[in-house]
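Have a look at the structure below, then the notes.
Any read-out appearing in this document is the output of simple, stated calculations on the displayed coordinates, not a laboratory observation. This is a predicted model, so every value here is computed, not measured. Here Cβ is always computed from backbone atoms with ideal geometry, including for glycine, and neighbour counts include all displayed protein chains.
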Amino acid sequence: METKEKLNGEELVSVIMPNYNGGKFIKHAVNSVINQTYKNWELIFVDDCSTDNSLEIIEELRQQDKRIKVYKNSENKGAATSRNIALEQACGRFVAFLDADDMWYSDKLNQQLAFMRQNDVAFCCTAYEVIDAEGNKTSDYFPKKEIFGYKDILKHNSIGCLTVIFDLNKISDVTMPIEAARREDHACWLKILRTGVKAYCLNKILSSYRVHQSVSYNKRKMVKYQWNVYKNVEKLGFFKSVKYMLSWMWYGFFKYRK
């Protein structure tokens, strides 16, 4: 049911958070939402059959703040499906994404939504900082452009998932393609930009992206997942797929280098 409630003139933001065994970082992630200066939000947390103490932690947080809604998958479905399950429950005009190991600056929603209103933007991203497992800053990431179209994001995914906000009054389908395993966010941006929508970047650091041992470090697998996006999801020809694959690898090599 679409409610899109307002609170003191602020329209509702639905924050989508999938989780699998993120117990070590959940409090940091959720508290970064609770501490937002923008208060009209709902956090939709979907646990993907965690085997750690994730559910105990999120239930404790939910008891303290009823804006947190908790859902549990009956079987492990992956991040894309978990995000889509959360999207089905979303009631806000705006949708934002935050993984259970990342964090937002306290003024993230306020600044980004103001930028979107002032510039009539449907799809917005920002710069972000990179932190390690202990929360120490290792680098900054500033997208190279202020406006991104479909071909720009084919070359390289310059849009961090934790920075994205969509206006559902302007974009109706923001679901993640489940066939794009481990690259569902990139495939989602491409799906939307393919329609002619542009992504606008507020080039301020408003989030912290945590890099720790994960699939991102298995380069061989990441190449396979990225090839799947070009060849099977976007259905590009072989030579175009190779062209964009090489571009993706080149930009990726330098992405977090100072």
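With r as the distance between the Cβ atoms of ASN203 and THR51 and R0 = 41 Å, compute the FRET efficiency 1/(1 + (r/R0)^6) and round to 0.05.
Values: r = 39 Å, r/R0 = 0.96.
It comes out at approximately 0.55.
Calculate, in nm to one decimal, what GLN64 and GLU10 gain on full extension: separation in residues at 0.36 nm each, minus their alpha carbon distance. Show your work: numbers first, answer last.
Values: separation 54, 0.36 × 54 = 19.44 nm, distance 2.19 nm.
Stretched out fully, the GLN64 to GLU10 stretch lengthens by 17.2 nm.
Sequence-distant contacts, meaning Cα pairs under 8 Å at least 6 residues apart, place the relative contact order of the chain at 21 percent.
Tell me which GluC sites (Glu not before Pro) from the range 89-146 have a DSSP coil assignment and no more than 14 other beta carbons within 10 Å of their own. Walk me through the numbers on the way to the answer.
On the way: sites: GLU129, GLU134, GLU146; in loops: GLU134, GLU146.
Sites meeting the loop and neighbour criteria: GLU134, GLU146.
What's the magnitude of the charge dipole for the range 79-154 around its Cα centre, counting Lys and Arg as +1 and Asp and Glu as -1 at the beta-carbon? Answer in Debye, nearest 20.
Computed about the Cα centre, the dipole is about 380 debye.
Could you rank the peptides 59-68, 183-192 by their average count of other C-beta atoms within 10 Å per residue, with the highest value first?
183-192, 59-68
For the chain, what is the calculated [θ] at 222 nm in deg cm²/dmol (nearest 500), taking -39500 (n - 2.57) for each run of four or more DSSP H residues and dividing by its residue count? List each step's numbers first, then the result.
Details: 8 runs with 86 residues, N = 258.
Estimated from H runs of four or more residues: -10000 deg cm²/dmol.
Cross-link partners for LYS137 among the lysines, with Cα-Cα distance under 17 Å and sequence neighbours closer than 8 places in the same chain left out: LYS204, LYS255, LYS258. What you get for the range 115-258, charging only the Cβ of Lys and Arg (+1) and of Asp and Glu (-1), is a dipole of about 660 debye around the Cα centre. Placing +1 on the Cβ of every Lys and Arg and -1 on the Cβ of every Asp and Glu, with nothing else charged, gives the chain a dipole about its Cα centre of roughly 1260 debye.
Under the membrane-span-like helix rule (DSSP H runs whose alpha carbons stretch at least 18 Å along the helix axis, mean Kyte-Doolittle hydropathy 0.0 or higher), the chain yields 238-254.
If the chain linking LYS224 and SER172 were pulled fully straight, counting 0.36 nm for each residue of separation and taking away their Cα-Cα distance, it would gain 15.7 nm. If the chain linking ASN119 and ASN76 were pulled fully straight, counting 0.36 nm for each residue of separation and taking away their Cα-Cα distance, it would gain 11.5 nm. Residues of the range 150-177 falling in the label zone of ASP140, defined by backbone nitrogen less than 19 Å from a point 7 Å along Cα to beta-carbon, are 158-164.
The DSSP beta bridges internal to the chain are antiparallel in roughly 40% of cases.
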